[in-house]
1. Collect residues whose amide H, placed 1.01 Å from N in the peptide plane, falls under 5 Å from the amide H of Asn73; neighbours closer than 5 in sequence don't count.
2. Can you compute log10 of I(q)/I(0) for the stretch 109-153 with the Debye formula, treating each Cα as one identical point scatterer, at q = 0.14, 0.16 Å⁻¹?
3. May I ask which residue of Leu70, Gly102, Gln145 lies farthest towards the positive end of the charge dipole of the stretch 62-167, with charges of +1 (Lys, Arg) and -1 (Asp, Glu) on Cβ and the Cα centre as origin?
4. Starting at the first residue of the stretch 92-100, write each ³J(HN,Hα) from the Karplus equation 6.51 cos²θ - 1.76 cosθ + 1.60 with θ = phi - 60°, in whole Hz, x for Gly and Pro.
5. Let me see the pair-distance distribution of the stretch 82-167: every alpha carbon pair, 10 Å bin width, integer percents in order.
6. Take a quick pass over the chain and tell me how many lysine pairs come in under 13 angstrom between Cα atoms, counting only ones 8 or more apart or on separate chains.
7. Using a Förster distance of 35 angstrom, determine the FRET efficiency expected from the C-beta separation of Glu140 and Glu49, and round it to 0.05.
8. Evaluate the relative contact order of the chain (contact order divided by residue number), counting alpha-carbon pairs under 8 angstrom at least 6 apart; express in whole percent.
Amino acid sequence: MKRMKIASLLALVFLFTFLATPNAEMAKEGTESVTEYFHGTYQSLAMGEESIQINWESWGVIVSDTVEGLFHNLSLHCLGGLYAVKGVYKDAGLCEYTRPNGDKVYMTFKNDGEFGKPSKGSTTIIGGTGEVKNITGDGEFVSNQVRPAAEGTFQGYLNAKYHWKIP
């Protein structure tokens with residue numbers, strides 16, 4: 001009988017803990033600092049000895065620095081292209097971020113850099129689906145690449161700060 005009461009009490013605690021969280025109302029605007037971890041593949045086309053075009057695709061995850069918020073525990077899928085002359089490049093593309101509930105956030109980005117060094121860039125939030133439909137905003141980031149795990153791939157991480165608003 002005593003075990004039954006303890007089991008019932010634990011079940012109630014579990015229920016209130018996990019059912020209350022999804023019903024919390026989401027903020028309509030905010031600022032978040034995040035770390036994004038990514039990996040991907042690329043195709044390149046050398047144009048002489050000093051110029052190169054690289055088209056790439058990446059996948060990864062985003063973790064909010066506060067371990068909560070709109071951009072916590074998202075998956076990412078990005079497409080981009082960069083053009084480099086003498087190791088200095090301009091990069092641009094777009095990303096689709098998928099929230100834990102399946103909603104999407106869409107961003108464009110651009111950054112400039114030099115191969116082998118961190119690059120700085122900016123983002124523009126251009127829309128979303130579900131609870132984040134019509135989201136807008138912007139952000140800035142610093143991206144770092146690490147030594148690739150396999151030929152033809154790349155890995156890295158970036159630290160970003162996003163400012164967003166949902167109408």
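Read-outs throughout are calculated quantities, based only on the coordinates presented, and are distinct from any laboratory measurement. The model shown is predicted, which means the values in this text are computed figures rather than measured ones. Heads up, the Cβs are rebuilt from the backbone with ideal geometry, glycines too, and the neighbour counts pull from every protein chain shown.
1. Residues meeting the amide H criterion: Ile62, Val63, Ser64.
2. Log10 I(q)/I(0), no solvent term: -0.53, -0.62.
3. Comparing the listed Cα positions along the dipole, Gln145 ranks first.
4. 7, x, 9, 10, 10, 9, 10, 6, x
5. Calculated P(r), rounded to whole percents: 16, 42, 29, 12, 1.
6. Numbers: Lys28/Lys133; Lys28/Lys165; Lys90/Lys110; Lys90/Lys120; Lys104/Lys133; Lys110/Lys120; Lys120/Lys161; Lys133/Lys165.
Close lysine pairs found across the chain: 8.
7. Details: r = 33 Å, r/R0 = 0.95.
My answer for the efficiency is 0.55.
8. 20 percent
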